[in-house]
Amino acid sequence: MRANCWMNMKTVQVQDVPDPKILNQRDAIVRITSTAICGSDLHLYNGFIPAMEPGDVLGHEFMGEVVEVGRGVSNLRVGDRVVVPFPIACGNCWACRHELYSACENSNPNAGLAEKMFGHPTAGIFGYSHLTGGYAGGQAEYARVPFADVGPLKIENGFTDEQVLFLSDIYPTGYMGAEMCDIKRGDVIAVWGCGPVGQFAIKSAYMLGAERVIAIDRFPYRLRMASEKAGAETINYEETSVLEALKEMTGGRGPDACIDAVGMEAHKPGLLGAYDRTKQAMMLETDRPHALREAILACANGGTVSIIGVYGGFIDKFPIGSIMNRSITIKSGQCHVQRYMKPLLERIKNGEIDPSFVITHRRRLDDAPEMYETFVNKEDECVKVVLKP
Ligand code: NAD
Ligand code: ZN
Ligand code: ZN
């Protein structure tokens, strides 16, 4: 089959790889009909997530048709249409029983590696380095889906791929980001990053009762989408001081909760930006936490900072004093997608949201290398790329 493979830093290549096979009774093989490129893939592309090997098949946002099931999968049949969640989860362990699917204790064969890095192991993830199991991903014609009796969501209502594909990741991720803010009527929520994840965080904050959502980025076309499609007020951080603007917009108090939808590769002009770039390049810190620092400092006393942008390791100049002295709560996580798929499908059915609004580019799988470049450089007003194998 054809698959988009990580070859080296800033190099991906669509090539022929062996077809996936059923390896365990609870596996299914899915013929992929739509797949997408995620901001998380860019961290792999740019070489900031360790334990990638040349030839690794990328991609963790995909859906398609079941073409084969193992004997242990009784709820799926050949021909079923499914969306596949990005964390791989067994459904039976302590974490899964507590709906902490991205921390599943049984799905990461390289748990030891993750344990060294994070103190405790994390779940397997499709196409996301050997730290999360080295599973082949979904930017391909076919994928092997482990624990297929637990993860995949059957789509039975004639929705198009584009309407439901993002249940695999970014819609639940944005939603979880907003849910972690514990929003009460009248709350003001600020969202750093107007990528696809930020857009869903904004929409979800409104769904959960926020009165105002303020979105922060520097790309005018992304800020425009946040305002026109998701209904946010916007701040361009290249033109305005974010901390001052947020104070002014909230009667001096700051937002009730702040969502970091940027993660480890945040951009920052000026001296502090250069400082973190240098430290990251010299491997003295793994992540550039500009958005996170700002989110913490901006947040109202007693508020919550919800981190859904991905971080990989260690950061510097972390404002712990601000967190501690001002009673800030930090919440975070790789999304527990399995927890949200059904309720969020309901919101699509009700017409509350059509997740396809973020799509700007529709291409063939063979165009993946060009589309990684376009997306990483935010060229051609790119927000979200969908690829058809
Ligand atoms: P993206 O690259 O399209 O968007 C990131 C946005 O952040 C860009 O628009 C960029 O201009 C903006 N940005 C950069 N520096 C900023 C700053 N200092 N202040 C404000 N905005 C800034 O990526 P995406 O697909 O939207 O993903 C966003 C993050 O979410 C990534 O880190 C990704 O890995 C992560 N993610 C996490 C999960 C999860 O389960 N927690 C799931 C999916 C994605
Ligand atoms: Zn993703
Ligand atoms: Zn589990």
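The stretch between residue 283 and residue 317, if pulled fully straight at 0.36 nm per residue, gains 10.7 nm over its current Cα-Cα span.
For a Förster distance of 35 Å, can you work out the FRET efficiency between the beta-carbons of residue 271 and residue 388, rounded to the nearest 0.05?
0.20
For the residues 116, 342, 279, a GNM of the chain with alpha-carbon springs under 10 Å puts the largest fluctuation on 116. Sparse packing (at most 14 other Cβ atoms within 10 Å of the Cβ) combined with a DSSP loop state is found for the following trypsin sites (Lys or Arg not before Pro) in the range 164-212: 184, 185. Estimated from helical segments only, the mean residue ellipticity of the chain at 222 nm is -8000 deg cm²/dmol, where each DSSP H run of four or more residues counts as -39500 (n - 2.57). If you take the Cα centroid of the range 159-223 and the Cα centroid of the range 326-377, the two points sit 9 Å apart. One Cα centroid belongs to the range 111-135, the other to the range 8-68; the line between them spans 15 Å.
Could you check how much of the accessible area of the chain is carbon and sulfur, as a whole percent, using a 1.4 Å probe? Walk me through the numbers on the way to the answer.
Details: 7890 of 16080 Å².
Solvent-exposed carbon and sulfur of the chain make up 49 percent of the total.
Restricting the count to DSSP beta bridges whose residues both fall in the range 13-153, what percent are antiparallel, rounded to a multiple of 5?
Here the share of antiparallel DSSP bridges comes out near 95 percent.
Between residue 88 and 124, 125, 126, the built amide H atoms are under 5 Å apart, and every one of these is 5 or more places off in sequence or on another chain. Surface analysis of the chain yields an accessible area of 41 Å² per residue, using protein heavy atoms and a 1.4 Å probe.
Based on the Cβ-Cβ distance from residue 350 to residue 65, what FRET efficiency comes out when R0 is 25 Å, to the nearest 0.05?
Working: r = 26 Å, r/R0 = 1.03.
Between residue 350 and residue 65 the formula returns 0.45.
Note on residue 244 and residue 218: with the Förster distance fixed at 22 Å, the Cβ-Cβ geometry gives a FRET efficiency of about 0.85.
The values are calculated or read from the model by the stated rules, or taken from the named source; none is laboratory data. Since the structure is predicted, the reported quantities are computational estimates derived from the model, not experimental observations. Neighbour counts run over all protein chains shown; Cβ positions are idealised from the backbone, glycine included. Quick note on the areas: whole protein, heavy atoms, side chains included, nothing else; ligands and nucleic acids left out. Shrake-Rupley method; radii C 1.70, N 1.55, O 1.52, S 1.80 Å.
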